[in-house]
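Student: Encoded as structure tokens, here's the structure I'll be asking about.
The values are calculated or read from the model by the stated rules, or taken from the named source; none is laboratory data. Note that the structure is predicted; figures quoted are calculated from it, not measured. FYI the Cβ positions are ideal-geometry reconstructions off the backbone, even for glycines, and counts take in every protein chain you see. Side chains are part of the model used for accessible areas, which takes the heavy atoms of the whole protein and leaves out ligands, DNA and RNA. Shrake-Rupley method; radii C 1.70, N 1.55, O 1.52, S 1.80 Å.
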Number of protein chains: 2
Amino acid sequence: MCPKIVDREAKKLEILQAALQVFSQKGISNTKMIDIARAASIGKGTIYEYFSSKEDIFITGFHQFFAGYDEMISNAIKKQDHPSEQLKVLIHVSLEAIFEEQKDFIGILMDFWAEGIRSKDNSMEDAIHLKEMYQNYRMMIRQIIDRGIAQGVFRPIDSMAFASFLLAAIDGLMLQWVMEPELFDMKQIAESLCDGMLNGIRN
Amino acid sequence: MCPKIVDREAKKLEILQAALQVFSQKGISNTKMIDIARAASIGKGTIYEYFSSKEDIFITGFHQFFAGYDEMISNAIKKQDHPSEQLKVLIHVSLEAIFEEQKDFIGILMDFWAEGIRSKDNSMEDAIHLKEMYQNYRMMIRQIIDRGIAQGVFRPIDSMAFASFLLAAIDGLMLQWVMEPELFDMKQIAESLCDGMLNGIRN
DNA sequence: ATATTAATACCGACCAGTCGGTCATTATAA
DNA sequence: TTATAATGACCGACTGGTCGGTATTAATAT
């Protein structure tokens, strides 16, 4: 029988979610295995039935986190046709999805960034490709822009630089928002960002 | 005689620099006291003659790091008179000073951010005020903008939101640059950011 | 000058606590 | 009964911080 496979995967996911939860609160290197176990309401040893090590949890979590993000964004974009609209949903989804669904998890982003940046001189180099991920994001944006330029809706700007700026703004805004959630409303700020960015490049 | 005080301070600074160096390479919680000692070419015990704990080093380093940054920026701004120019130097100094002088230390920024964000539920709450620091940065930018608006050189925009965007862009660009330094030239990208931002608000 | 004393800087072996990971045992399911 | 899953006591490697002792420099006395 194979309900087991389902169960195993489900439980693995459960542990992962618990781990991400704890990671976000305490930081990854301040998180102890026992913390994860308790958060998942299981024994410490059980974790090792599903993950080979703490690093394994970290890397799996890392990928799950960004894969979900990726999918959410590219799905949202696919639903749109007009480059302007695509840019809009990209901004809105980036800022609001995290805001709404996973606000607890943003704390981890920082660790992921920190680890990802440092993984150059690190054993995790092969498992983490933050650089490549950002290249993908930039490419995604770039393609939207280039299509817009080709269609004549955008001015012929440097699409690569624009992509960097947009990505930078999104990351930076998330950062500020985590520090001070009451500072601005995510929906509003996303709207402003859309306006500003689109105004700057519209033909 | 009192050369001692000078020496002590100098040595404390030396240790601090060594610590920051190691922090940036390995991350703060992966840094061992012995690493710092070796980097400073002293015995481990000696560190405790100058700092009370690892956390003490971290907090002192944190403040030194940002105090230097603050001073550099506000000095550069004071030298300018025109709001447009002030904004320009703010952007250039923010992006390039770190780029030129302390590129090794950017890795720490991530830890500082991570710790700062998490210090809410943390014993370091009293020692780290990342939120307040960002409020100050925003205020600094805001005052430039408001003066520009009053003088009629800028359109009457929402100066607070603009400050958030600018800060976000700067942080985000640094982030991307750390991941992939060859992606863009800091001087150029700073210039582009200036153009874009100023074009967006010039009257 | 030189000896003596005092004060300070420096050191690394050591200690006590911690934590990732293991494994013998127990509970559960088939 | 047997196979599988779950568990937490246990282990050993590791590390922040301590402490007794040594080296170095300064102050004082002779």
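Student: With no solvent and one equal point scatterer placed on each C-alpha of the protein assembly as shown, evaluate the Debye formula and give log10 I(q)/I(0) for q = 0.08, 0.09, 0.10, 0.14 Å⁻¹, two decimals.
Tutor: For the requested q values the scattering log ratios are -0.48, -0.60, -0.74, -1.35.
Student: What's the buried accessible area, both sides, between B and A using a 1.4 Å probe, rounded to 100 Å²?
Tutor: The B and A chains share an interface burying roughly 3200 Å².
Student: Over the whole of A:26-32, what's the average partner chain Cβ count within 10 Å per residue? Rounded to a whole number, please.
Tutor: Averaged over the peptide's residues, the number is 3.
Student: Net charge near B:Gln80, counting Lys/Arg +1 and Asp/Glu -1 over other residues with Cβ under 13 Å of its Cβ?
Tutor: Net charge around B:Gln80: +2.
Student: Follow-up. For the stretch B:138-203, what are the per-bin percents of Cα-Cα distances with bins 10 Å wide, up to the bin holding the maximum?
Tutor: Calculated P(r), rounded to whole percents: 21, 46, 25, 8, 0.
Student: Relative contact order of the stretch B:1-157, please, whole-number percent, based on alpha carbon pairs below 8 angstrom and at least 6 residues apart.
Tutor: This gives 22 percent for the stretch B:1-157.
Student: Can I ask one more? Just want to confirm a number: the relative contact order over the stretch B:88-199, from Cα pairs under 8 angstrom separated by 6+ residues, in percent.
Tutor: Relative CO of the stretch B:88-199 lands at 40 percent.
Student: Over all directions, how big on average is the projection of the convex hull of the alpha-carbon atoms in the stretch A:46-203, in square nanometres?
Tutor: In nm², the orientation-averaged hull projection of the stretch A:46-203 is 10.5.
Student: Right, next: With +1 assigned to the C-beta of every Lys and Arg and -1 to the C-beta of every Asp and Glu, and no other charges, what is the dipole magnitude of the stretch B:1-51 about the Cα centre in debye, to the nearest 20?
Tutor: 120
Student: For helix A:106-118, report the angle its Cα long axis makes with the longest principal axis of the Cα atoms of chain A; keep it between 0 and 90° and round to the nearest 10°.
Tutor: Approximately 90 degrees, to the nearest ten.
Student: Over 10 Å intervals from 0, what percent of Cα-Cα pairs in the stretch B:7-47 sits in each interval?
Tutor: 34, 56, 10
Student: Another one. With point charges of +1 on the Cβ of Lys and Arg and -1 on the Cβ of Asp and Glu, referenced to the Cα centre of the stretch A:99-203, which listed residue (A:Tyr134, A:Ala150, A:Met174) lies farthest in the positive direction of the dipole?
Tutor: Projecting each Cα onto the dipole axis, the largest value belongs to A:Ala150.
Student: Near A:Val153, within a Cβ-to-Cβ distance under 11 Å, what is the net charge of the other residues, with Lys and Arg +1 and Asp and Glu -1?
Tutor: Its environment carries a net charge of +2.
Student: Limiting things to C-alpha atoms, what are the Rg and the maximum Cα-Cα separation (Dmax) for the stretch B:6-82, in angstroms?
Tutor: 14.9, 52
Student: Using a Förster radius of 30 Å, what is the FRET efficiency between B:Lys187 and A:Asp126 based on their Cβ-Cβ separation? Nearest 0.05, please.
Tutor: 0.35
Student: Counting heavy atoms of the protein chains only and a 1.4 Å probe, report the per residue accessible area for the stretch A:1-126 as a whole number of Å².
Tutor: 50
Student: To the nearest Å, what is the center-to-center distance of the stretch A:1-65 and the stretch A:69-134, using C-alpha atoms only?
Tutor: 21
Student: Still on this structure, I have one more. Given contacts defined as C-alpha pairs under 8 Å and at least six residues apart, what's the relative contact order of the stretch A:1-51, whole-number percent?
Tutor: Relative contact order here is 34 percent.
Student: While we're looking at this one, here's another question. How crowded by other chains is A:159-171, given as the mean number of beta carbons from other chains within 10 Å of each beta carbon?
Tutor: Other-chain Cβ atoms within 10 Å of each residue's Cβ, averaged: 6.
Student: Separate question: Amide H neighbours of B:Phe154 under 5 Å, counting only residues 5+ apart in sequence or on other chains, H built in-plane at 1.01 Å?
Tutor: B:Ile149, B:Asn203
Student: So, with a 1.4 angstrom probe, what is the percent of accessible area on the protein assembly as shown that is carbon and sulfur?
Tutor: Carbon-and-sulfur percentage of accessible area, whole number: 51.
Student: In addition: For B:Asn75 and B:Glu14 in one chain, what is 0.36 nm times their gap in residues minus the Cα-Cα distance, to one decimal in nm?
Tutor: Result for the pair: 19.5 nm of gain on full extension.
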